[in-house]
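Right, one structure below, let's go through it.
Rule-based calculations on the coordinates, nothing more; no lab input. If you're wondering where the values come from, they're calculated on a predicted model, not measured in any experiment. FYI the Cβ positions are ideal-geometry reconstructions off the backbone, even for glycines, and counts take in every protein chain you see.
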Amino acid sequence: MRQYVEFASRTLALGTTLVATLVLLVVVFPALPIGSEMLDVKAGYTYGEAVAAMESYGDRGRQVYVWASLTLDTLLPFVYVSFLAGFVFRFRPTERLWRLAFVPLAAGVLDLCENIQVILMLTLYPDVSAGQVAVASWFTLSKRYAFTAGLLLAIVLAVIAAARRVRYGLRDRRA
């Protein structure tokens with residue numbers, strides 16, 4: 001894992017994974033002909049909300065959603081985890097804290113589990129149980145919390161790195 005995050009922390013890798021993440025989130029996913037808001041982007045959902053959403057997708061929308069979950073939404077966690085883990089690794093305050101790069105990995109694992117649950121619901125529709133929806137919703141909400149934690153960690157480490165740079169830069173100017 002360390003070799004991977006070292007690679008992901010390089011400027012070119014960070015730039016590439018950031019651009020890929022933004023393109024997928026801002027351009028590709030919104031353009032998918034699903035017919036309604038994807039369950040993945042909700043902050044959780046009830047059985048009624050999930051069934052209503054899947055009904056609103058229609059047969060074609062559900063097929064597109066399954067395809068997108070198997071391909072694009074499987075790629076997305078790898079891309080954003082690579083970006084966040086590389087970013088965290090690059091801006092870690094000390095060498096021994098390199099393992100903080102594992103924090104964003106939780107979001108990626110939960111995202112992949114969520115994708116499996118969503119695919120199961122979409123392929124089982126209309127025979128989706130309340131328990132299945134509860135599990136899928138839990139993964140969706142957990143992914144959101146884990147992603148937020150990884151993002152906040154990256155922001156905090158970037159602020160600490162910037163503050164250190166300013167502090168050391170001012171000290172060097174006085175000398």
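Counting Cα-Cα pairs of the chain in 5 Å increments starting at 0 gives whole-percent bin shares of 1, 9, 15, 18, 16, 12, 10, 7, 5, 3, 2, 1, 1, 0, 0. Estimated from helical segments only, the mean residue ellipticity of the chain at 222 nm is -25500 deg cm²/dmol, where each DSSP H run of four or more residues counts as -39500 (n - 2.57). Basic side chains Lys and Arg get +1 at the Cβ, acidic Asp and Glu get -1 at the Cβ, and with that the dipole of the chain about its Cα centre reaches some 1480 debye.
Counting Lys and Arg as +1 and Asp and Glu as -1 over every other residue whose Cβ lies under 12 Å from the Cβ of N115, the net charge comes to -3. Screening the chain for DSSP H helices whose Cα atoms reach 20 Å or more along their own axis and whose mean Kyte hydropathy is at least 1.6 gives 103-124. For the stretch 108-155 versus the stretch 1-75, the spacing of their alpha-carbon centroids is 11 Å.
Relative to its residue count, the stretch 20-72 spans a Cα convex hull of 74 Å³ per residue.
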